[in-house]
Amino acid sequence: MHYRQIETFRAVILSGSASRAAELLDITQPAVSRAIAELERSVGFALFDRSGGRLSPTAEARLLFAEVDRAFVGLDRIRAEAARIRDFGAGAIRIASLSAFANTLMPKAIHAFNKRHPGVPVTLQIRASSVVRELVASGSFDLGIAADEVDLNGIHHEHFGRSHGVCALPARDPLVFKDFITPEDIADRPFVALAPEDKARQRLEQVLEKRGVRLRIVVETPSSSTVCALVQAGVGIGMVNPCAAAGFEPLGLVTRPMRPAVEFREVLVFRDNTPPSRLHRSFIAELRRAAPQFGIKLNPAR
């Protein structure tokens, strides 16, 4: 079993035909057929049904492909890391963040970090909090900031900060004339909600339950930024992270404090058994400097 045979097998599965696989690999179609035949002899079972002039993967081929694809994902990661080292050297940092900070805290912190470390490039990915956790745990990223609903088992973490959720309103909504929004104000209103697993949404529902108020949910989404966009479009009202709302207020979104207050909380996550480097600590320091501008009350730094 050779690498080229495995690569050809994967190309045939992904492209759906020997001819397209040949184009992808820049080899001839007979070379594709030969590699597949050699691989079949090596593994001891048929990989494709060749009836009707087409290559249809067998059940055994699909089982084998699942393992092959996992291996190639690892190779792709190695290639990406090699390209990053080639382009940036060992000093680059890779950060994954929840979407609430995408248009506000992250740009502010990265700008300040670049001024202090002009030769250190930053890779930033904006993902759902659960994906942020997995990107860091797998070693694909060095540092992540996520909402507090993520599983923190098996990963080094620090509590970052917390903020009071705000009610996001369209500019012409009657509630914009109020100083703050109560549970009774949002009763029976179309509501754009965060995902059920979101801890801030769960805290909101606990507050509403005590007051005998139920949400009339019309849309659910895991992202505060998406809630803001939907509210601005007139879909309903919603409760969001104030850091996300700050990026939409120049576009006409209106926010009002919630009473009683409902907290959003964030954690910094790192690879387990891998303490933050000097550069990571420098970037975290910039996050902490910028955070109060967006209504985030910081947890004490370690």
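The values are calculated or read from the model by the stated rules, or taken from the named source; none is laboratory data. Given the structure is predicted, the values throughout are model-derived calculations rather than measurements. For neighbour counting, all protein chains shown are included, and Cβ atoms are generated from backbone atoms with ideal geometry for every residue, glycine included. Just so you know, the surface numbers come from the protein's heavy atoms only, side chains and all, with ligands and any DNA or RNA stripped out. Shrake-Rupley method; radii C 1.70, N 1.55, O 1.52, S 1.80 Å.
At a glance:
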{"item": "Cα lying deepest toward the dipole's positive end in the chain, options Leu287, Ser99, Ile36, charges on Cβ", "result": "Leu287"}
{"item": "Lysine pairs meeting the criterion (Cα under 29 Å, 8 or more apart or interchain), as found in the chain", "result": "9"}
{"item": "Listed residues Thr226, Phe180, Cys243: farthest to the positive end of the dipole of the stretch 158-246 (Cβ charges)", "result": "Phe180"}
{"item": "Loop GluC sites (Glu not before Pro), the stretch 193-302 (other Cβ atoms within 10 Å of the site Cβ: 15 or fewer; DSSP)", "result": "Glu197"}
{"item": "Approximate shape of the chain as ellipsoid semi-axes (Cα gyration tensor, √5λ), whole Å, largest first", "result": "47, 26, 17"}
{"item": "Theoretical FRET efficiency, 1/(1+(r/R0)^6), r = Cβ-Cβ of Lys210 and Asn299, R0 25 Å, to 0.05", "result": "0.40"}
{"item": "Residue among Ser138, Phe191, Thr123 farthest towards the positive dipole end of the stretch 109-196, charges placed on Cβ", "result": "Thr123"}
{"item": "Residue-level accessible surface for Lys297, protein heavy atoms, 1.4 Å, Å²", "result": "130 Å²"}
{"item": "C-alpha long axis of helix 3-15 to longest principal axis of the chain, angle in °", "result": "60 degrees"}
{"item": "Rounded Å value of the spacing that divides the Cα centres of the stretch 174-199 and the stretch 28-66", "result": "57 Å"}
{"item": "Per-residue SASA entry for Val132, accessible area with 1.4 Å probe, Å² rounded to 10", "result": "0 Å²"}
{"item": "Dipole moment magnitude, nearest 20 debye, the chain about Cα centre, only Lys, Arg, Asp, Glu C-beta charged", "result": "760 debye"}
{"item": "Solvent-accessible surface (1.4 angstrom probe) belonging to His2, in square angstrom, nearest 10", "result": "120 Å²"}
{"item": "The stretch 158-236 shape via C-alpha gyration tensor axes, a/c threshold 1.5", "result": "rounded"}
{"item": "Net length gained if the chain between Glu23 and Val68 were fully extended (0.36 nm per residue, minus Cα distance)", "result": "14.2 nm"}
{"item": "Charged-residue dipole, Cβ positions (Lys, Arg, Asp, Glu), the stretch 165-302 about Cα centre, Debye nearest 20", "result": "480 debye"}
{"item": "Per-q log10 I(q)/I(0), the stretch 152-302, q = 0.14, 0.15, 0.17 Å⁻¹ (Debye; single scatterer per alpha-carbon; no solvent)", "result": "-0.71, -0.79, -0.96"}
